[in-house]
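No lab work stands behind these numbers, since they all come straight from the coordinates. Fair warning: this is a prediction, and the values are worked out from it, not measured in the lab. With ideal geometry, Cβ positions are generated from the backbone for all residues, glycine too; neighbour counts draw on all protein chains shown.
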C-alpha cells in the first residue's frame, strides 16, 4: 500500500507534477476519481499542491474548489469520503487519477457518479444511474454543492 | 447507438453544456476518455464547442489543443483513433466522459493509457503499464505530441 505516505515522499510526488492549469492564479492539476473496484469514473475536479499533499498523506481525496478558492476534503460535509488506494499520473504530469473506495455517492445530486447522465440519440441528457442517497437528507439546506 | 448523431441533436447537447473552463479565452469543458470495454481511464484533455460537435457527429473523439489552439481528432497522426460509443455528462455539465474503443494506445509515449505511472510508496512515479506500440515508428520525428 503506497497511500497514505509520509510527508517527504508526498513532497517528492508534488515536485514531479506540472501544475500548469490555472484558475484565478492558482496552479492546478486536473484530478479524476475512479472507483477502484467497479471502474466507474466518479468525478473530475482540480487539485492544487496542498490538495495533492493532503490526499497523499491522509489517504482521503482532497481537491481545490475554484468557486470557494479553498482545499476541500471530499466527504467532509456528506461523510462520503474517498479512500485513495492508488494514484496515477499522466504523461504530461498535469493530470492525476485517484483510484478510490467511495463511501456512499460521489455526486451531490445523490448518485454514485457525477456522470449519471448519458447523451441520448436525440441530444437529450438521460439519467442512467440510480440514486444511492437522498441529497436533501445528507446536505440539507446547505448551499455548498459537495 | 446514439453516436454518431445528427447535427441538430449535437447542437442540443452543446446547449446543455457549461463551457466554463477557459484557457487563453477559449471556453472549454474537461473531457475524459475511458475505455468502453476495459474501463481504463485513457486520457484527460479539454474540448471546446467545435470539438464536442465533431465528436458527436463523426463518432471519433475530438479535443481542443490548448498549446496549438486548434481542434484535433485523436489519432489523426497516429491512426490511434477513439471511436466513441457513449458520452456522459457530469452534474455541473462542465465535464464530459467519452466511452471509447481505442485503436492502439491513447498515449503518445506508446502506452494504452496516459496514466501509465503509479505513485510509489517512496514518492517515485513507477511505470506499471506495458507499451503497446513504438512511439518513434508511429510519430517519427514529429514534434507534435499526440
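Quick look at the values:
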item	result
Extension gain, residue A:50 back to residue A:69 (0.36 nm per residue minus Cα-Cα distance, nm)	5.6 nm
Kirkwood hydrodynamic radius over Cα pairs of the range B:1-76, then Stokes diffusion coefficient at 20 °C and 1.002 mPa s, in µm²/s	167 µm²/s
Choice from A:40, A:60, A:85 showing the highest fluctuation, given a GNM over chain A with Cα pairs closer than 10 Å	A:40
Acute angle (nearest 10 degrees) that the helix A:49-58 long axis makes with the longest principal axis of chain A, alpha-carbon atoms	90 degrees
At 7 Å out from Cα toward Cβ: residue A:7 inter-copy label distances (nm, ascending)	6.0
Whole-angstrom gap from the range B:105-126 to the range A:42-119, using each part's C-alpha centre	19 Å
Of A:119, A:87, A:132, the one that fluctuates the most in a GNM where chain A has Cα springs shorter than 10 Å	A:119
Per-copy distances of the residue B:77 label point, shortest first, in nm (7 angstrom along Cα→Cβ)	4.2
Efficiency of FRET from Cβ geometry, residue A:36 and residue A:127, R₀ 35 Å, rounded to 0.05	0.90
Beta carbon of chain B nearest to the axis of the rotation taking B to A, residue and angstrom distance	B:39, 2
Distances in nm from residue A:126 to the matching label points in the other copies, shortest first (labels 7 Å along Cα to Cβ)	4.5
Overall dimensions of the range A:61-146 by Cα: Rg and Dmax, Å	14.7, 41
Amide N of the range B:39-82 lying under 18 Å from the label point, which is placed 7 angstrom from the Cα of residue B:7 along Cα→Cβ	B:49-60
Hull-based mean projected area of the range B:37-101, where the convex hull spans the alpha carbons, in square nanometres	4.6 nm²
Rule-of-thumb Rg ratio for chain B [Cα; 2.2 N^0.38 Å; N residues]	1.06
Distance (nanometres) between label positions extended 7 Å along Cα→Cβ at residue B:76 and residue A:20	1.9 nm
Within a Gaussian network of chain A (alpha carbon springs, distance under 10 Å), most fluctuating of A:31, A:106, A:93	A:93
√(5λ) per eigenvalue of the Cα gyration tensor, the protein assembly as shown, largest first, Å	27, 25, 17
Computed [θ] at 222 nm, helices only, for the protein assembly as shown once each DSSP H run of length n ≥ 4 contributes -39500 (n - 2.57)	-4500 deg cm²/dmol
